[in-house]
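Worksheet: one structure, shown below.
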Amino acid sequence: MTAKSGENIPLSIKISNYIPYLLLLPTLAYMLFFIGYPLVEGVALAFFDEQGHFTWANVNYLLYDPGSLFWDALKYTILLAAVIIPIQVSVAFGLALLFNAKFPGKNLALYTVILPLTISDVAAGLIWYVMLGQYGFFNKLLMDLGIISHPIIFFGIKNMEFLAIVMTEVWRATAIVFVIIFAGLQMISHEYYEAAEVFGATTWQRFRYIIFPLLLPSLQAALIIRTLFAFQIFGVVWTLAGRDIPVLAGEAYYAQTTLLRPGVAALYALIIAALSVSVGAIYIKFFKAKYLEAGM
Amino acid sequence: MSNEKILLSRGDIIRYYTYRIILAGLVIIAVVWVALPFIMTILYALADPAQYYDPRVIIPTSYTLKHVNQLLILGAYQATINSVIVALITIGFSFLIGLPAGYAFARYRFRGKDSLKLFIVALRMFPMMVIAVPLLVLYFKLGLADTLIGIGLAHTSMALPFVILITSSIIAGVRVDYEEAAMVFGLSRIGAFFRVTLPLALPGLTAAAIFTFIMSWNEVFIAAVLSFQNRTLPAFILNLIAGSTDFIKFAGAFIMVIPALIFVFIAGKYLVRMWGITLK
């Protein structure tokens, strides 16, 4: 895209070369003040006391205090991501292939499928509380159909809450992955399909040698975005399970609002940031290597 | 016999219809899976308690606005207004700051452009919740703690990378020739932008504004950390639901879901494109 827009740029504009920096200045200043400064302040909160002396107090709290759920939070955050993301990516991939076909009512179906993108994670949590509660839709339906005789209790039981969170997250955030993959799929030129048809490619060959390789960048983007957002999981867990299923962001919120220990909250936030940055870096490195292998 | 080549064989016809039926079945499953929780939430939020607690009534038939009203009086009404104000502040600031940057990326070539753009792309994925706790410390000093403008400013930093990428993509989609023609006819660069490019980009920018609105409207962590009384809707609900009755929870879900439904049916087409741009 950069190269393309470069061609369209008239000469008169190229000469005045300080203007773009001027246009970008407000953005950079804003980022510095609202992201750069808070990051520094976050480190200060987490590792320095009010007198400005270095302290391990918050780290010690995190690691050794009996009230700290740090290891559980770390475990559950990663476990949830590991369970949820593969389901989301495969469902979204299937969905994207499905929506690539033509059928009546496609737009309406498309808008419905992306609906969860427009609601907050708190709302999603509550919606699934409606569905899975003791008097919720599922329990009533299954009991009416005679499949179960007693309602399945989801809330208050750890494993069931975990299951409820997975269902909610799959329901809520598969749409994000779907939109990315679907956008990628729509950009594949029809000429490729036609060429494949001319040469008598089977459906599987078409998928394996055209759709899949051309879709790989979209899949990777979806995977990165989903993984990084997964580390921030909060609203769904907080509404469905509270601290029964501790997660990093939830513990940060708890430390900030209930314990009133901003130092601990800041430390949790930094851990989320560190986790995101390192996983993001690993992904990019891994994918770059793949690109080089493919000679792209 | 002469038209036998046009006629499909019986096997082909069967295969075609099997394919259509499977396709239709899968689409219906997907739509029901997504839509059913929305529908049930709306029905249960408005259901009469007697019917809700009756295990035989799956789909309630008698409805009441009692619980939604109760929640609105408890503070959801004010919180909804707060949410709208915060979202509008976010749109205002993020466009004021982000639009020039988007224009720079769309229309100029300059040293460091690629790395700057990569930086913005990376920032989009940065967990913005990280800034909430330290920002509160700063806000106490600045008198911005527990203010709507404070939340709006924090949401702006979250929305800014998206706004820059979207606006740059939208402006790049408006042909530069028009802008040049306007300049040939005597408009300044700024004049050309406001009188030619901006009107042409307006539908896209409106969609981008709706996108920004949704982002701010849905954000809960930052809003909940930065406010104590003046809460946005998700932050208000998040604090209220612990220990509240099922009906208050349902009503909370109801109030949060309705705007989403409206947004999608107003701007669905644009939103799909928008997510396509920003998430790529």
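The values are calculated or read from the model by the stated rules, or taken from the named source; none is laboratory data. All of these numbers come straight from a predicted model, not from anything done at the bench. Counting neighbours? That spans all protein chains shown, and the Cβs are built from the backbone with ideal geometry, glycine included.
Here are some notes:
- Close pairs from the range A:172-195: first more than 18 Å from A:Arg208 (Cβ to Cβ) and of a type in the set (Phe, Trp, Tyr), partner part of a helix (DSSP H, G or I) and at pLDDT 85 or above, Cβ under 7 Å, at least 6 apart: A:Phe178/A:Ala92; A:Phe178/A:Leu95; A:Phe178/A:Ala96; A:Phe178/A:Val113; A:Phe182/A:Ala96; A:Phe182/A:Phe99
- One residue stands out in the range A:151-177 among those that are more than 10 Å from chain B (Cβ to nearest Cβ) and not aliphatic (A, V, I, L, M): the one that is surrounded by the most Cβ atoms within 10 Å (Cβ to Cβ), namely A:Glu169.
- Residue in the range B:183-193 that is more than 10 Å from every other protein chain (Cβ to nearest Cβ), more than 27 Å from B:Leu118 (Cα to Cα), aromatic (Phe, Trp, Tyr) and in a helix (DSSP H, G or I) present: no
- Of all the listed residues (A:Ile148, A:Ile180), the sole one being in contact with a helix residue (DSSP H, G or I) (Cβ under 8 Å, 6 or more places away or on another chain), within 14 Å of chain B (Cβ to nearest Cβ) and surrounded by fewer than 17 Cβ atoms within 10 Å (Cβ to Cβ) is A:Ile148.
- Helices (runs of 4 or more DSSP H) contained in the range A:187-283 and holding at least 1 residues under 16 Å from the mean Cα position of the chain (by Cα): A:212-230, A:235-240, A:248-257
- Of B:Ile210, B:Ile171, all but one fail to be more than 21 Å from A:Tyr30 (Cβ to Cβ), in a helix (DSSP H, G or I), touching a Phe, Trp or Tyr at 6+ places or on another chain (Cβ under 7 Å) and within 12 Å of another protein chain (Cβ to nearest Cβ); the exception is B:Ile210.
- Taking the criterion of being under 15 Å from A:Ala96 (Cα atoms) and surrounded by 14 or more Cβ atoms within 10 Å (Cβ to Cβ), the only residue of the range A:187-206 that qualifies is A:Ile188.
- The range A:42-68 - residue that is out of contact with any Gly (no Cβ under 9 Å at 6 or more places or on another chain) and buried (at least 19 other Cβ atoms within 10 Å of the Cβ) and, of those, farthest from the other protein chains (Cβ to nearest Cβ): A:Leu62
- Failed item in (1) under 25 Å from B:Met128 (Cβ atoms); (2) in contact (Cβ under 8 Å) with a residue 40 or more places away in the chain, with A:Ala57 passing the rest: (1)
- Helices (runs of 4 or more DSSP H) fully within the range B:20-129 that include at least 1 residues being more than 26 Å from B:Ala172 (Cβ to Cβ) and more than 11 Å from chain A (Cβ to nearest Cβ): B:49-52, B:66-71, B:77-107.
- Those helices (runs of 4 or more DSSP H) lying entirely in the range B:219-280 with at least 3 residues under 17 Å from B:Leu72 (Cβ atoms) and modelled with pLDDT of 90 or more: B:233-241, B:246-279
- Residue in the range A:100-126 that is surrounded by the most Cβ atoms within 10 Å (Cβ to Cβ), counting only those that are touching a residue at least 12 places away in the same chain (Cβ under 8 Å) and more than 8 Å from every other protein chain (Cβ to nearest Cβ): A:Gly125
- Some residue of the range B:94-109 being surrounded by fewer than 20 Cβ atoms within 10 Å (Cβ to Cβ), out of contact with any Phe, Trp or Tyr (no Cβ under 9 Å at 6 or more places or on another chain) and within 30 Å of B:Tyr178 (Cα to Cα): yes
- Matching residues, the range B:144-159, being in contact with a Ser or Thr (Cβ under 9 Å, 6 or more places away or on another chain) and assigned to a loop (DSSP other than H, G, I, E, B): B:Ala145, B:Asp146, B:Thr147
- Take the conditions (1) facing chain A (nearest Cβ under 9 Å); (2) under 27 Å from A:Phe234 (Cβ atoms); (3) free of Cβ contacts under 8 Å to residues at least 60 places away in the same chain; (4) surrounded by fewer than 20 Cβ atoms within 10 Å (Cβ to Cβ); B:Lys141 misses just one of them, which is (1).
- Residue check for A:Leu132: buried (at least 17 other Cβ atoms within 10 Å of the Cβ) and more than 7 Å from every other protein chain (Cβ to nearest Cβ): yes
- Those residues of the range B:110-136 which are surrounded by fewer than 17 Cβ atoms within 10 Å (Cβ to Cβ) and under 27 Å from A:Ile233 (Cα atoms), in sequence order: B:Leu118, B:Phe119, B:Val121, B:Ala122
- Residue among A:Thr257, A:Thr239 that alone is at the interface with chain B (Cβ under 10 Å from one of its Cβ atoms) and closer than 28 Å to A:Val43 by Cβ: A:Thr257
- Test: residue in the range A:13-28 that is within 10 Å of chain B (Cβ to nearest Cβ), at pLDDT 90 or above and closer than 30 Å to A:Leu267 by Cβ: yes
- Condition check for B:Phe162: closer than 25 Å to B:Phe126 by Cα and surrounded by fewer than 16 Cβ atoms within 10 Å (Cβ to Cβ): no
- Subset of the range B:181-220 [crowded, with 16+ Cβ neighbours inside 10 Å, over 23 Å from the mean Cα position of the chain (by Cα) and either of a type in the set (A, V, I, L, M) or not assigned by TED's automatic domain parsing to the domain that holds B:Leu165 (or both)]: B:Ala182, B:Met183, B:Leu187, B:Ala192, B:Val196
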